[in-house]
Amino acid sequence: MEGSHQEMQLFSSSSPDHNPPPLDLQLSISLNKPEMRKMRKAAGVEALKWQAAEQIRLAAMEKAYAERVRELTRREMEMAQSEFARARAMWERAREEVQRAERIKERMDSLSATCHSCRHNSFTP
């Protein structure tokens with residue numbers, strides 16, 4: 001009955017101009033130890049799943065990056081090989097030009113020698 005009386009006092013004192021003192025309510029959930037262990041285990045499993053998923057995501061990103069780098073490297077190698085082939089072809093053409101120029105020079109030298117000899121022979125009686 002005393003509890004009912006206190007309730008009535010609480011209701012009667014809650015008029016608009018009266019501020020009731022704040023109530024300090026503390027809620028607690030009582031779980032027995034097996035339930036707590038089960039919850040911790042479930043939370044641990046979820047955390048492990050999240051970590052595994054995060055590692056998979058990061059590994060996939062790293063794999064994609066590595067594949068992109070590999071592709072860029074392959075293209076650079078192809079370009080370098082192409083440039084090397086062009087340079088080699090230019091070198092071969094230049095070498096052929098030098099050889100041709102040397103042959104022309106040799107002919108000119110032999111013609112010049114012949115001309116000198118002809119001239120020399122034609123002027124001598």
*Looking at E97, E7, which one is assigned to a helix (DSSP H, G or I), out of contact with any helix residue (DSSP H, G or I) (no Cβ under 8 Å at 6 or more places or on another chain) and at pLDDT 80 or above?*
E97
*How about region 21-56: which of its residues are at pLDDT below 70, among the aliphatic types (A, V, I, L, M) and open to solvent by 100 Å² or more (accessible area, probe 1.4 Å)?*
L23, L25, L27, I29
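The values are calculated or read from the model by the stated rules, or taken from the named source; none is laboratory data. Owing to the predicted nature of the structure, the values given are computational and were not obtained by experimental measurement. Ideal geometry is used to build each Cβ from the backbone, glycine not excepted, and the neighbour counts take in all protein chains shown. Calculation scope for accessible area: heavy atoms of the full protein, side chains included, ligands and nucleic acids excluded. Shrake-Rupley method; radii C 1.70, N 1.55, O 1.52, S 1.80 Å.
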